[in-house]
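Here is the structure we will look at, set down as structure tokens.
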Amino acid sequence: MAKDMKHIDIEEIQKLGWDELIPGAALFSFREPVEDVVEVPMEERPYAPTNSHEWQVGDWRVEKPVYNRDLCIDCQFCWVFCPDMSILSRDKKMIGVIYEHCKGCGICVEVCPTNPKSLLMFPEHMDNDEALKRWPQKEEKKKD
Amino acid sequence: MVKKIKNLKEFSLSNDRFEGANLMCPGCSHNIIVREVLNATNDPVIVATATGCLEVCTAVYPKTSWDVSWIHIGFENAAVAAATVSAAYEVMKRKGKLPPATQKMVDEGREPKIVAFAGDGGTYDIGFQSLSGAFERGHNFMYVCLDNEVYANTGGQRSSSTPIGASTTTSPAGSVSYGEKMQKKSMVEIMADHGAPYVAQVSPSKWKDLVKKVQKGFEVYGPVYINAQSACTTEWKHAPEDTIEVSDLGVESCVWPLYEIINERDEHGIIYSTKLNITYRPKKKIPVEEYLAAQPRFRHLFKPENRHIIDLWQKAVDARWEYLQRREEAGV
Ligand SMILES: Cc1ncc(C[n+]2csc(CCOP(=O)(O)OP(=O)(O)O)c2C)c(N)n1
Ligand code: SF4
Ligand code: SF4
Ligand code: SF4
Ligand SMILES: [Mg+2]
């Protein structure tokens, strides 16, 4: 049964058995041609449902990184070292975490240089507002 | 066209062409390397990927995580795929048969970049003959080895990149063995000895060094080899959040020195100059022990009966660092 892979619904794909898709079919990144991908930010791309961007892996996490704008110095360490394209930065500013794609590895928290950190791991079920209320105070430098 | 990336803030303006919700492990370095390589340029990129974690987890039917042209090829021939694309591209360009969108970019000075990604198993071992052939023939492409020192995708078997003392599923440490018996193969020198114009070793934790080298590699004509350190949380057995720290320990201890080798050839293909540059010098070289201690794959080396392997490690790393410095000094 031939399927239009560019316009198929994600839920429809998920319900299909593997043998119902076209064996060897091209998996499209976009629904329509994008001439110059580097010029088009994520939010404006016509992603096809066969692009993993349209899927989510957020349920892999047990802990999530929470972002505190008040402490952030926009150094972009979290952006460059996030393995999963899950730190959203625009115009040289860190904006937040893409929770659909974040796997909760904790790298962004480890590399964040502020004191206290501007990103911290909290239990997945906790509200972000609640997490922000519980943010720790500045840590004194340990004397060697 | 070389993309201007003065600092990290500028780099963060990049629009990724590699997508989230792929199925790589949380904290995987392969992804960080791929992002840094692709974001090093705004030119079109064509990627060939050998079987291995990267290919298996970024193209799980019916999904793709690639917004660039992407070819999956067998485990052993990423270099052939990339070389073939490169040769075909050159013919199409010469005959004026490029697709209009590509031709437009070429006219703007944005030549497509052809990149092969493969693991150490696919590079040091099984893909070696096709890699060697493609380099000998001199095709214009970049080959990036994602070196996690193990066949990770099939459950952690040793490769010729696995360093001595590492416990893997086929070199398990136990009461009669300290783990892997062989020293890691010197892939960077082997590839440089093919006469490639540019060969370099990088770590994703030193993003600027990596990006600079990739940009240099894109600028030269001919085959370019990049050996990328890829800390693997699953097989090195460190916590996912420690990926960058473990990578840094490798660099700061000189276990993973950052350097480049540049070969210059005359019109007859004769190499008249070879230069090795160390691109990062740790302020204070830390003991190898600290790098080993951060990874449970080496845990058994800290038992009294295996301590001699740690001494051996330090000796080997010191000797290699000395060798690189001497070559740099001598300009060879
Ligand atoms: C010819 C062939 N032999 C064996 C395999 C099985 N295989 C698939 S991935 C893989 C391991 C890949 O290891 P490496 O190249 O180091 O990449 P990594 O998964 O570690 O990134 C193996 C052995 C295969 N796909 N093809
Ligand atoms: S936890 Fe990991 S995946 Fe999530 S945003 Fe931080 S670095 Fe990215
Ligand atoms: S690493 Fe921390 S300080 Fe730097 S941009 Fe990210 S959240 Fe802000
Ligand atoms: S096994 Fe290692 S290399 Fe493979 S996806 Fe997991 S962390 Fe990455
Ligand atoms: Mg490997």
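Give me the helices (runs of 4 or more DSSP H) completely within the stretch B:1-114, filtered to those with at least 1 residues that are within 30 Å of residue A:13 (Cβ to Cβ), open to solvent by 40 Å² or more (accessible area, probe 1.4 Å) and facing chain A (nearest Cβ under 9 Å), ordered by residue number. Spell out how you get there, then give the answer.
Values: elements: B:8-11, B:29-39, B:53-58, B:78-94, B:100-107.
Here the list reads B:100-107.
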Between a first residue in the stretch A:86-99 that is under 13 Å from residue A:68 (Cα atoms) and a second residue that is in a strand (DSSP E or B) and open to solvent by less than 30 Å² (accessible area, probe 1.4 Å), which pairs have beta carbons less than 6 Å apart while being 6 or more apart in sequence or on different chains? A:97/A:65
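Which one of A:97, A:57, A:66 is within 13 Å of ligand 3 (Cβ to nearest atom), touching a Cys at 6+ places or on another chain (Cβ under 9 Å) and β-branched (Val, Ile, Thr)?
When all the criteria are applied, what remains is A:97.
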Looking at this structure, is residue B:250 under 19 Å from the mean Cα position of the chain (by Cα) and among the small types (Gly, Ala, Ser)? yes
Hey, among the residues in the stretch A:77-100 that are among the hydroxyl-bearing types (Ser, Thr, Tyr) and facing another protein chain (nearest Cβ under 9 Å), which one's farthest from the chain's Cα centre (by Cα)? A:89
What are the residues in the stretch B:115-147 that are open to solvent by 10 Å² or more (accessible area, probe 1.4 Å) and small (Gly, Ala, Ser), if any? B:119, B:130, B:132, B:133, B:138
Report whether or not residue B:107 is within 10 Å of ligand 1 (Cβ to nearest atom) and among the acidic types (Asp, Glu). no
Return the total of residues in the stretch B:245-273 being open to solvent by 40 Å² or more (accessible area, probe 1.4 Å) and closer than 25 Å to residue B:194 by Cβ. 9
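Regarding residue B:235, is this residue within 16 Å of ligand 4 (Cβ to nearest atom) and either open to solvent by 40 Å² or more (accessible area, probe 1.4 Å) or away from every other protein chain (no Cβ under 14 Å) (or both)? Don't jump to the end; show me each part of the working.
On the way: within 16 Å of ligand 4 (Cβ to nearest atom): yes; either open to solvent by 40 Å² or more (accessible area, probe 1.4 Å) or away from every other protein chain (no Cβ under 14 Å) (or both): yes.
Yes; evaluated as a whole, the condition is true for this residue.
Results for (1) of a type outside the set (Lys, Arg); (2) crowded, with 19+ Cβ neighbours inside 10 Å; (3) at pLDDT below 95, shown as yes or no for each residue.
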{"site": "A:61", "(1), (2), (3)": "no, no, no"}
{"site": "A:67", "(1), (2), (3)": "yes, yes, no"}
{"site": "A:71", "(1), (2), (3)": "yes, no, no"}
{"site": "A:77", "(1), (2), (3)": "yes, yes, no"}
{"site": "A:81", "(1), (2), (3)": "yes, yes, no"}
{"site": "A:99", "(1), (2), (3)": "yes, no, no"}
{"site": "A:121", "(1), (2), (3)": "yes, yes, no"}
Do you know which of the residues in the stretch A:44-76 that are more than 7 Å from chain B (Cβ to nearest Cβ) and of a type in the set (A, V, I, L, M, F, W, C) is farthest from residue A:27 (Cα to Cα)? A:71
Give me the pairs: first residue in the stretch B:144-160 and farther than 24 Å from residue B:192 by Cβ, second residue within 8 Å of ligand 1 (Cβ to nearest atom) and among the aliphatic types (A, V, I, L, M), beta-carbon distance under 8 Å, and six or more apart or on different chains, which are they? B:153/B:56; B:156/B:150; B:157/B:150; B:158/B:150
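The values are calculated or read from the model by the stated rules, or taken from the named source; none is laboratory data. Since this is a predicted model, take the numbers as computed values, not measurements. Cβ sites come from the backbone with ideal geometry, for glycine too, and all protein chains shown count toward neighbours. Just the protein is used for accessible areas: all its heavy atoms, side chains included, with ligands, DNA and RNA removed. Shrake-Rupley method; radii C 1.70, N 1.55, O 1.52, S 1.80 Å.
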